[in-house]
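Down below is the structure, laid out as structure tokens.
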Amino acid sequence: MTKKSIIGAFNIKEFGEKKFNNDDIMKIIVKILKRYDIVLCQEVYLSEELIKQLVDKVSTSSIPYSYVSSQPIGRSSYKERYLYLYRSNKWNVLESYEIKKFCTKFFRVPYVARFQNIKKSRIRITLVGCHTRPGNAYKEIEVLVNNVYADVKARLEKNDILSCLFNLLYCLRSSNNNEPIIIMGDFNASGSYLNKTKQTELDQILKNNDLMWGICHSSDTTVASKRNAYDRFVFEVKNKKRSIGNTKIFKFDKILKNKKFSMLVSDHYLIEFELKLDIA
């Protein structure tokens, strides 16, 4: 049986104190988050104290969670946090940081978290979370693919060189060339925010960078009746077959069987993928 970790991304829609204090909604959110070994949460307006309470709600004695989060991010009074929740008995965080180098290009700068598997230390993954501004989706995705990806990749290569200088055994056993970089989040990559012509242009930009969509244009990642693939993964072609298993959309409203209540939880479905842990 293939060993794997399930990694997801969830725009929880205005996840602030009001939603946090609604017990019925929180029961669903907590249950959903427990599906994942690592999950990127977006549109988080919680204070640090409430984030810690969320972690306590998700954690059990046998499956503890921890987190890393950005500062409130945004170029106006409207700011949100990126939040990565992860199972702390399975994963360590090696580093996390905001991509400020291209801050003028984004309404909310991307937030990166790099994870290492506890049992198999050679298995690492770098996640680049971004929630694009609807009216600027094409330009922000273009910068994500052309610039941010290259910057994150160069940082990994630099870390690899420094590690090799201090640890020959690390150098022989490990290589960041095989460490997947996943770009993920609510890209607003559909409908009126990103028409088919722009989608086709982005297809070519991804191809030029040896990248590929993990969620296709025809998918539906919204709870609303209108079909749109707002939420996306971007995978590296070289690591897709080697490291990535099944990719899917978790449609929680099909389980709740109540569309109106589901919309109170979020207007977005979760997107998720399997990270293979039995890599030779």
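Here's a check for you: in the range 133-159, which residue that is over 19 Å from K198 (Cβ atoms) and charged (D, E, K, R) is surrounded by the fewest Cβ atoms within 10 Å (Cβ to Cβ)?
From the range 133-159, those over 19 Å from K198 (Cβ atoms) are 150-159; that's our starting set.
Checking the rest, the ones that are also charged (D, E, K, R) come to 151, 153, 155, 157-158.
Working: D151: 14, K153: 17, R155: 17, E157: 13, K158: 11.
My answer is K158.
Scan the range 77-113 residue by residue and report those that are in contact with a Leu (Cβ under 8 Å, 6 or more places away or on another chain) and modelled with pLDDT under 95.
The first filter runs over the range 77-113 and keeps only residues in contact with a Leu (Cβ under 8 Å, 6 or more places away or on another chain), leaving 81-85, 110, 112-113.
The answer is none; no residue qualifies.
Would you please name the residue that is farthest from K4 (Cα to Cα), looking only at residues in the range 25-38 that are touching a residue at least 60 places away in the same chain (Cβ under 8 Å) and in contact with a helix residue (DSSP H, G or I) (Cβ under 9 Å, 6 or more places away or on another chain)?
Result: I25.
Tally up the residues in the range 114-132 that are crowded, with 17+ Cβ neighbours inside 10 Å and more than 19 Å from K79 (Cβ to Cβ), please.
Quick first cut of the range 114-132, residues crowded, with 17+ Cβ neighbours inside 10 Å only: 114-115, 117, 123-132.
Next, from what is left, pick out any that are more than 19 Å from K79 (Cβ to Cβ): 114-115, 117, 123-128.
Going through the range 114-132 one residue at a time, the tally reaches 9.
From the list G74, G16, pick out the single residue that is surrounded by 13 or more Cβ atoms within 10 Å (Cβ to Cβ), of a type outside the set (A, V, I, L, M, F, W, C) and modelled with pLDDT under 95.
On the way: G16 fails: modelled with pLDDT under 95.
Answer to the check: G74.
Of all residues in the range 146-175, how many are modelled with pLDDT of 95 or more and either acidic (D, E) or closer than 12 Å to F187 by Cα (or both)?
Going through the range 146-175 one residue at a time, the tally reaches 1.
Among all residue pairs at least 6 apart or on different chains, which show Cβ distances below 6 Å where the first residue, located in the range 94-116, is basic (K, R) and the second is at pLDDT below 95?
R108/G74
When the residues of the range 241-264 are filtered to those that are touching a Leu at 6+ places or on another chain (Cβ under 8 Å) and among the hydrophobic types (A, V, I, L, M, F, W, C), which remaining residue is farthest from N117 (Cα to Cα)? Explain how you work it out, then say what you get.
Filtering the range 241-264 down to residues touching a Leu at 6+ places or on another chain (Cβ under 8 Å) leaves 243-245, 249-250, 252, 262.
Subsequent filtering for residues that are among the hydrophobic types (A, V, I, L, M, F, W, C) retains 244, 249-250, 252.
Details: I244: 15, I249: 24, F250: 24, F252: 28 Å.
Looking at residues that are touching a Leu at 6+ places or on another chain (Cβ under 8 Å) and among the hydrophobic types (A, V, I, L, M, F, W, C), I get F252.
Across the range 221-280, which residue is surrounded by the most Cβ atoms within 10 Å (Cβ to Cβ) among those that are under 27 Å from L202 (Cα atoms) and among the aromatic types (F, W, Y)?
Y230
Is it the case that I7 is touching a residue at least 60 places away in the same chain (Cβ under 8 Å) and outside any helix (DSSP H, G or I)?
Values: touching a residue at least 60 places away in the same chain (Cβ under 8 Å): yes; outside any helix (DSSP H, G or I): yes.
So I7 passes the test.
In the range 24-33, is there at least one residue being in a helix (DSSP H, G or I), in contact with a Gly (Cβ under 9 Å, 6 or more places away or on another chain) and crowded, with 16+ Cβ neighbours inside 10 Å?
Let us first name the residues in the range 24-33 that are in a helix (DSSP H, G or I), namely 24-33.
This time we only want the ones that are in contact with a Gly (Cβ under 9 Å, 6 or more places away or on another chain), so: 32-33.
Now restrict to residues that are crowded, with 16+ Cβ neighbours inside 10 Å: 32-33.
Yes, because at least one residue in the range 24-33 is in a helix (DSSP H, G or I), in contact with a Gly (Cβ under 9 Å, 6 or more places away or on another chain) and crowded, with 16+ Cβ neighbours inside 10 Å.
As an exercise: evaluate Y45 against (1) in contact with a Gly (Cβ under 9 Å, 6 or more places away or on another chain); (2) aromatic (F, W, Y); (3) in contact (Cβ under 8 Å) with a residue 60 or more places away in the chain and give the number of the one condition it does not meet.
With respect to (1) in contact with a Gly (Cβ under 9 Å, 6 or more places away or on another chain); (2) aromatic (F, W, Y); (3) in contact (Cβ under 8 Å) with a residue 60 or more places away in the chain, Y45 is out only on (3).
Inspect the range 206-217 for any residue being free of Cβ contacts under 8 Å to residues at least 60 places away in the same chain, farther than 20 Å from P180 by Cα, acidic (D, E) and not in a helix (DSSP H, G or I) and give the result as yes or no.
Taking the range 206-217 first, the residues free of Cβ contacts under 8 Å to residues at least 60 places away in the same chain are 207-208, 210, 212-217.
Filter once more, so that each one left must be farther than 20 Å from P180 by Cα: 217.
Among the residues that remain, those that are also acidic (D, E) are: none.
The answer is no; no qualifying residue exists.
Across the range 1-39, what is the total count of residues that are within 22 Å of K254 (Cβ to Cβ) and not β-branched (V, I, T)? It would help to see each step written out before you state the result.
Of all residues in the range 1-39, those within 22 Å of K254 (Cβ to Cβ) come to 6-13, 15, 19, 22, 24-36, 39.
Going one step further and asking which of them are not β-branched (V, I, T), we end up with 8-11, 13, 15, 19, 22, 24, 26-27, 31, 33-36.
Of the residues in that region, 16 qualify.
The values are calculated or read from the model by the stated rules, or taken from the named source; none is laboratory data. As the structure is a prediction and not an experimental result, all values here were calculated from the model. Positions of Cβ are generated from backbone atoms using ideal geometry, with glycine treated the same way; all protein chains shown enter the neighbour counts.
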